[in-house]
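Worksheet: the structure to be examined is printed underneath.
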Amino acid sequence: MPPETAAVPADAAAGSSGESSPEGSSQPHVVDALTRVLARTLRRLGQAGEPWDASRLAAEGWSLLRDSSPADAERLNGAMHYLARLEQKLEAEGHHDPQGAAKVPTETRVIDVRSETPKVRHEIIFDEWAALEAGTAYVLVNDHDPKPLWYQFQAEHEGEFSWDALEEGPEVWRVRIGKVAK
């Protein structure tokens, strides 16, 4: 292997044809490699006692990648789920969650995603939220802590949504998610 390719991470070099090509053909590999580095860095930031900041940053990255690079967005979604478990641990130890409370709409319907595959759950949740009238909400029923979803909403809809945890596990989580009236 030539010395210049030895420094390229194996996952970034995988699938490379080795041909000289126009800008963009190796771009997906670069995005994939950078996403892997970002996910590891965010996990370490969470382990250093800052899971809330790490989750917000992961959600911003997820928001940037979810349409153009869904597989990379899913990697950051996985990091957010890991960070949510760190948040729970710190909160159980009495550390502060800076999330804050939001005004909660009173009209609700139930969206139960437990039977859906993980791949489509967030799509359903965001589509249902987009269809809400301002001032209304739905209750999300999930089989794991949806905290990463809060960060994704925060990244894409800051100030436009409400979030009220109604039941917090260990087997069922219920959250009222609303669209704030303007």
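FYI, it's all coordinate maths here, none of it is from the lab. Just so you know, these numbers come straight off a predicted model, no measurement behind them. Reconstructed Cβ throughout: ideal geometry from the backbone, glycine too, with neighbour counts over all protein chains shown.
Listing for the model above:
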| read-out | value |
| --- | --- |
| The stretch 22-92, relative contact order [Cα under 8 Å, separation at least 6], % | 32 |
| Spin-label pair GLU60/GLU128, simplified geometry with 7 Å Cα→Cβ offset, distance in nm | 2.9 |
| Charge tally in the Cβ shell below 9 Å around ALA54, where Lys, Arg are +1 and Asp, Glu are -1, ALA54 excluded | +1 |
| Chain lengthening between VAL31 and GLU116 when straightened (0.36 nm per residue, less Cα-Cα) | 27.8 nm |
| Per-residue ³J(HN,Hα) for the stretch 58-63, Karplus 6.51 cos²θ - 1.76 cosθ + 1.60, θ = phi - 60°, Hz, x for Gly and Pro | 4, 5, 4, x, 4, 4 |
| Solvent-free Debye scattering, log10 I(q)/I(0), computed from the Cα coordinates of the stretch 22-92 at q = 0.19 Å⁻¹ | -0.68 |
| Cα gyration tensor category, rounded, prolate or oblate, for the stretch 142-182 with a/c compared to 1.5 | oblate |
| Charge sum, other residues only, whose C-beta stays under 11 Å from PRO118's C-beta, Lys/Arg counted +1 and Asp/Glu -1 | -1 |
| Long-range amide H partners of VAL180 with built H, under 5 Å | GLY135, PHE161, SER162 |
| Contour excess over end-to-end distance, with Cα ends at ARG109 and ARG85 and 0.36 nm allotted per residue | 5.9 nm |
